[in-house]
Amino acid sequence: QVQLVESGGGSVQPGESLRLSCAASGSISSFVTMGWYRQSPGKQRELVAEVTIDGRANYKDSAKGRFAISRDNPKNTVTLQMNDLKPEETDVYYCNAQRGPHQIWGQGTQVTVSL
């Protein structure tokens, strides 16, 4: 079973940037969609950005123009560049891999945006 490990989270001030990375323990080539989700305590996990095997990306409306997702299939990694971060984007961010009904989650990485 492929495992996903996130890194790159941390604490930044509003307007600053972070780059999240997701490293897979095996090949991600068979996963049609790789994505990043976020979740607050007591709330449902929600999509931030996703990218398909052929490079098509989809973003949460509030992330458009500020975030960029990319996947490197040979290196089995997915990254999320987040610019101009806002306090309301404080959350735990999770990497996700999907192949039909099958999906895998990472353990999450905390992103905190505050003064």
How many residues does segment 2-22 contain that are under 17 Å from the mean Cα position of the chain (by Cα), more than 13 Å from V111 (Cα to Cα) and surrounded by fewer than 17 Cβ atoms within 10 Å (Cβ to Cβ)? 3
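For every residue, the table says whether it meets (1) open to solvent by 70 Å² or more (accessible area, probe 1.4 Å); (2) more than 13 Å from the chain's Cα centre (by Cα); (3) under 18 Å from L4 (Cα atoms).
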| residue | (1), (2), (3) |
| --- | --- |
| I53 | yes, yes, yes |
| S62 | no, yes, no |
| R71 | no, no, yes |
| N83 | no, yes, no |
| W105 | yes, no, yes |
| V111 | no, no, yes |
Among the strands (runs of 3 or more DSSP E) lying completely within segment 1-110, list those that include at least 1 residues that are free of Cβ contacts under 8 Å to residues at least 12 places away in the same chain. 57-59, 67-72, 102-105
Restricting to segment 68-115, count the residues that are in contact with a strand residue (DSSP E or B) (Cβ under 7 Å, 6 or more places away or on another chain) and among the charged types (D, E, K, R). 4
Any idea which of (1) buried (at least 17 other Cβ atoms within 10 Å of the Cβ); (2) touching a Gly at 6+ places or on another chain (Cβ under 9 Å); (3) at negative phi is the one N76 doesn't satisfy? (3)
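The values are calculated or read from the model by the stated rules, or taken from the named source; none is laboratory data. Here the structure is a predicted model, which is why all the values come from computation and not from measurement. Virtual Cβ from ideal backbone geometry, glycine too; neighbours counted across all protein chains shown. We work out accessible area using only protein heavy atoms, side chains counted, and drop any ligands, DNA or RNA first. Shrake-Rupley method; radii C 1.70, N 1.55, O 1.52, S 1.80 Å.
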